[in-house]
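The next block holds one structure in the form of structure tokens; read it before the comments.
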Amino acid sequence: MEDNFQSSLLESLQYGFMDAKMHSDKTYAPRILVNNPDEERYVISDIDDELRRCDAFYFSVAFVTQSGIGMIKTQLFDLAERGIHGKIIISPYLDFNDPLALRELLKFKNVEVRMSPPELQLHAKYYMFERGGQKVIISGSSNLTANALKKNYEWNIKLTSAENGDIVHRTQEEFKRVWDMSDPLTEELIDRYNQTRNPSAKRFFEREETRINTEGTIIPNKMQEEALKSLQEARDAGQRRALVISATGTGKTYLSAFDVKQSHLERVLFVVHREQILRKALKSFQKVIGFDPSEACIYKSGSDISNKKYVFSTIQTLERDENLHSFDRKRFDYILVDEVHKSSAKTYKKVMDYFEPQFLMGMTATPERTDGQSIYELFDYNVAYEIRLKDALDEGLLCPFMYYGVTDIEINGELLNDEVSFSDLVSEDRVDHILEKNKLLWASRRYRTWFNFLLVQKRS
């Protein structure tokens, strides 16, 4: 087996470095790794393949992000179950590493992480894998970030070597040298790093849903500019209702504030189903429009809004008869209904049918309903603008999202499939396995809530 590998490696090196026309075996030939969506080539694909097959791994990267870690998270947990360990060196260089991402690294019990000394200004990016007598190095421009591994134009080279090769030997020596001078990553180290971190570096990996010009004024992004044009054209054409369909995260709230500003309509009502959203919406409107705080309020039962231009209310409060009928039907010039896919519900229809604004805008990411009712009809089939999730991702308005698949358990050496008995599907071992995987993968508050629900259901 070893002889076959070395023979193939020699032929591959001759293919890569001597003459590709004379040598045909390119199994282990040096390869250039780039991100090319047209050819479905991504740096993460090779890193993923090597992680799945390795006996040990060693990374040295300047920057890590939560999204970058997310791309290899399941592989790292699977390696832990196989008893495979690795080491990662990260860097405080330019303060670009997010403390949340650093804390994410602490979750992996099979991965040792160290932070290089600040004075070293470590900016190296390489990934080294061991598998039997083979060693693989991927080195170039890619840090451990989602953009570097799958989106940005990056340039890396992948080299395969026998374990006694000089290039691997020197790489391992250099890794050990930097490792020995670096500090183990701990909560205390992360806290110290965060306290001394340059605040301006914190925005390095952030993606804003709006833009800020040189004067500090918030201005529309590309999607919002196009939607604003369509909304104004609808009003100019005499339309009194319009629907905006826009993927979550593309800035619908800012869009609505921009449109209120350009419409010059003064008395505004913003309706949504949760008060938490109202508070954020009020702040967004104030940033865009710049009104005095005394001109706006979050509506409560019995509130005096006689001098308020901008009223923010939950549908639950507004639809009560004693509240709704306290308003003149023409009290508001412009009404915005967020999450308008809920508008076929009686409470939303009740409010929308009561008021007579000059313009009514509905906003949603999901206009399709499963109950057969159409929200398009409520807005006179006037869709002012539409941007779906794929379009938003293609336009760079959203960060690529991660999803995780949980590998099922094995029974008698085989993975569960659709043909197993129901008792196997609901067995304690399988439930414990799924819950443990989800516990390791939890990230967002919404995900933690869902996991905790499952855990409570199991315990009950």
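Overview of values
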read-out: Ranked Y153, Y299, criterion: other C-beta atoms within 10 Å, fewest first; value: Y153, Y299
read-out: Average Cα contact separation per residue, the range 34-203, under 8 Å, 6 or more apart, as relative contact order %; value: 28
read-out: Too-long pairs where the Cα-Cα distance tops 28 Å, listed order kept, from K21/K176; K261/K346; K229/K287; K151/K222; K73/K125; value: K21/K176; K261/K346
read-out: Descending semi-axes in whole angstrom, ellipsoid equivalent of the range 34-203, from the Cα gyration tensor; value: 24, 19, 16
read-out: Residue-count net charge about D380 - beta-carbon cut-off 11 Å; Lys, Arg +1, Asp, Glu -1; value: +1
read-out: Taking the range 1-62 and dividing mean pair separation by its residue count, relative contact order in percent (alpha carbons under 8 Å, at least six apart); value: 20
read-out: Principal axis dimensions, the range 211-394 - Cα atoms, whole angstrom, descending; value: 47, 45, 33
read-out: Packing-based exposure ordering (other Cβ within 10 Å, fewest first) of S230, S91, S116; value: S230, S116, S91
read-out: Taking the range 211-394 and dividing mean pair separation by its residue count, relative contact order in percent (alpha carbons under 8 Å, at least six apart); value: 31
read-out: Kirkwood-based Rg to Rh ratio, the range 286-351, C-alpha trace; value: 0.96
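Values in this text are rule-based calculations from the coordinates and carry no lab data. All values reported here derive from a predicted model rather than from experimental measurement. Glycine gets a Cβ as well: all are built from the backbone with ideal geometry, and neighbour counts include every protein chain shown.
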